[in-house]
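A.B. asks: Below is a structure I'd like to ask you about.
The values are calculated or read from the model by the stated rules, or taken from the named source; none is laboratory data. Predicted model only: the values in this text are computed from it and were never measured. With ideal geometry, Cβ positions are generated from the backbone for all residues, glycine too; neighbour counts draw on all protein chains shown.
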Amino acid sequence: MEENFNPYAAPQSNVLQAHESAGHFPLASRWKRLGGIFLDGLIGAIVVLPIQFLTGNFQQVIEQSRSGQRTMFTFQGDQILWSLLGLGVMLAINWHFLAKGQTIGKMIVKTRIVLIDGSPCDRSRIILRRMLPLHIAQQIPVVNLLFGLTDMFMIFRENRRTLHDEIAGTKVIDISRDSVA
């Protein structure tokens, strides 16, 4: 028996993190994830905001807010219409990129959505399990605030997975170190 053996010591082994093992990409940084979502939001706003302005919705929301008819805790029927339009614009703009697990924002910052095991994530899973639950939760007063904050702050965990990542069984990886198409 070894002289230095301690049966009460913690096990000693060389454990590799998932992103360190061969063939795996590192998790996307919080900054890259923020940059991707910012770019996607900016692109969507460039398309949707002029439509809202031209249809008079912009002015209507301002007037309702001033009169107290619209607050962050009230639900307005027109929200559903604009929400569906926004989702439709997002899907139309990113349809091609979603097949590769990306959006335009993710493509620019060189990140990709994959399943938790690192395998490719198909478009339907991204739409139905990542985007749709988040989108629906954003339409419900109070829930939108709680869901949004929880989703946002989960990025500070070690695995950097948000609530919508957990729901969909996905993670976002950084592909800038390799030329994966």
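A.B. asks: VAL114 is checked against (1) without any contact (Cβ under 8 Å) to a residue 40 or more places away in the chain; (2) surrounded by 13 or more Cβ atoms within 10 Å (Cβ to Cβ) and fails just one. What number does that condition carry?
C.D. replies: If we test VAL114 against (1) without any contact (Cβ under 8 Å) to a residue 40 or more places away in the chain; (2) surrounded by 13 or more Cβ atoms within 10 Å (Cβ to Cβ), just (1) comes out false.
A.B. asks: Next up: Can you name every one of the helices (runs of 4 or more DSSP H) wholly within segment 3-122 that holds 1 or more residues which are at pLDDT below 95 and in contact with a helix residue (DSSP H, G or I) (Cβ under 7 Å, 6 or more places away or on another chain)? Step through it out loud before you land on a result.
C.D. replies: Working: elements: 30-54, 57-67, 77-98, 104-109.
Where helices (runs of 4 or more DSSP H) fall fully within segment 3-122 and carry at least 1 residues being at pLDDT below 95 and in contact with a helix residue (DSSP H, G or I) (Cβ under 7 Å, 6 or more places away or on another chain), they are 30-54, 57-67, 77-98.
A.B. asks: Can you tell me which of (1) out of contact with any Asp or Glu (no Cβ under 7 Å at 6 or more places or on another chain); (2) buried (at least 16 other Cβ atoms within 10 Å of the Cβ) is the one MET152 doesn't meet?
C.D. replies: MET152 satisfies all of (1) out of contact with any Asp or Glu (no Cβ under 7 Å at 6 or more places or on another chain); (2) buried (at least 16 other Cβ atoms within 10 Å of the Cβ) except (2).
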